[in-house]
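S.K.: Before anything else, here's the structure in question.
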Amino acid sequence: MVEMVLPAAMIETMTSAADWVVVLPLVLCLMGAAATLMLRRSGALTFVFTLLILVAVIACEVTLLLRVLDSGPLSMTMGKWLPPFGISFAADIFGAGFALTSAVVTLIVLIHAQGERGAEDGRDGFHSMVLLLLAGVTGSFLTGDLFNLYVWFEVMLIASFGLLVLGGRPAQLDGAVKYGFINFLATTFSC
């Protein structure tokens, strides 16, 4: 009988369901961004759906923070590969606290922005970009390695660039070109 031997770089145990709380806020933000993009022509429904997603993200991050406070830092590696090949997420007190703070601030900003936006502004993908920005920020706080920090930072930059150009006014487009050029230079020189 031939016995199969797994390489040492693979994870052999299942991730417990409770450990998924590390990545659940990211999944909710990314899935919410996709759903709000599809719902963007639905008017107030998009705003309500985004609020529900943000409340769910905040609930997950409160759960994550309480779990970290109770049992110490928590980490999870996606897939079966150990770092540096697998994507790692880690939550300590600071990461979980900052992720929770950013979600609460996003909720406050979204409520304030909704009061400032007109009825014609509801179809521009604003809510999707806000959720994508929150995904980038949360991913940056909860990542477990430098490469994925770079990836989440780029997600955050792309979403902020999208928010910058939403109005289409000349000053916004001028700022977006400058922002994009500076981002390009920074990305080029960081390699």
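The values are calculated or read from the model by the stated rules, or taken from the named source; none is laboratory data. The model shown is predicted, which means the values in this text are computed figures rather than measured ones. Positions of Cβ are backbone-derived with ideal geometry, glycine not excepted, and every protein chain shown enters the neighbour counts. Heads up: the accessible areas ignore ligands, DNA and RNA and are worked out on the full protein's heavy atoms, side chains in. Shrake-Rupley method; radii C 1.70, N 1.55, O 1.52, S 1.80 Å.
S.K.: Enter the accessible area of Val177 (Å², nearest 10), with the probe set to 1.4 Å and all protein chains included.
M.R.: Rounded to the nearest 10, that gives 100 Å².
S.K.: Need the C-alpha centroid separation for the range 14-71 versus the range 152-191, integer Å.
M.R.: So the separation of the two Cα centres works out to 25 Å.
S.K.: With the dipole of the chain worked out from charges on the C-beta (+1 for Lys and Arg, -1 for Asp and Glu) around the Cα centre, which of Phe189, His127, Val57 lies farthest toward the positive end?
M.R.: Farthest towards the positive end: His127.
S.K.: Quick one: ranking Leu66, Leu173 by accessible area, 1.4 Å probe, largest first, what do you get?
M.R.: Leu66, Leu173
S.K.: What do you reckon, how do Ile58, Ile108, Ile87 stack up by accessible area (1.4 Å probe), largest on top?
M.R.: Heavy-atom accessible area, descending, gives Ile108, Ile87, Ile58.
S.K.: Calculate for the chain the 222 nm mean residue ellipticity that helices alone would give, adding -39,500 (n - 2.57) per DSSP H run of length 4 or more and normalising by residue count, nearest 500 deg cm²/dmol.
M.R.: Mean residue ellipticity, 222 nm, calculated: -22500 deg cm²/dmol.
S.K.: Send over the Kirkwood Rh of the chain, from the inverse of the averaged 1/r over different Cα pairs, rounded to one decimal Å.
M.R.: It is 18.2 Å.
S.K.: Order these peptides, 28-40, 134-146, by their mean beta-carbon neighbour count within 10 angstrom, highest first.
M.R.: Top to bottom by mean Cβ count within 10 Å: 134-146, 28-40.
S.K.: When the chain is treated as a GNM, springs tying every alpha-carbon pair under 10 Å, which of Ser128, Ser42, Ser102 comes out with the largest mean-square fluctuation?
M.R.: Sorting by GNM fluctuation, first place goes to Ser42.
S.K.: Choose one answer from Asp124, Asp70, Asp19: the residue with the largest mean-square fluctuation in a GNM of the chain with alpha-carbon springs under 10 Å.
M.R.: Asp70
S.K.: Another one. Ordering Glu61, Glu154 from largest to smallest accessible area (1.4 angstrom probe), what's the sequence?
M.R.: Glu154, Glu61
S.K.: What FRET efficiency do you get for Ala171 and Ala34 if R0 is 35 Å and r is their Cβ-Cβ distance, rounded to the nearest 0.05?
M.R.: 0.70
S.K.: Quick one: which residues, 5+ away or cross-chain, put their amide H under 5 Å from the amide H of Trp81? H built at 1.01 Å from N.
M.R.: Ile11
S.K.: If I build a Gaussian network model for the chain, linking alpha-carbon pairs within less than 10 angstrom, which residue out of Pro73, Pro170, Pro25 has the largest mean-square fluctuation?
M.R.: So, out of Pro73, Pro170, Pro25, the one fluctuating most is Pro170.
S.K.: Given points 7 Å out from each Cα along the Cα-Cβ axis, report the Val55 to Ser190 separation in nanometres with one decimal.
M.R.: 3.5
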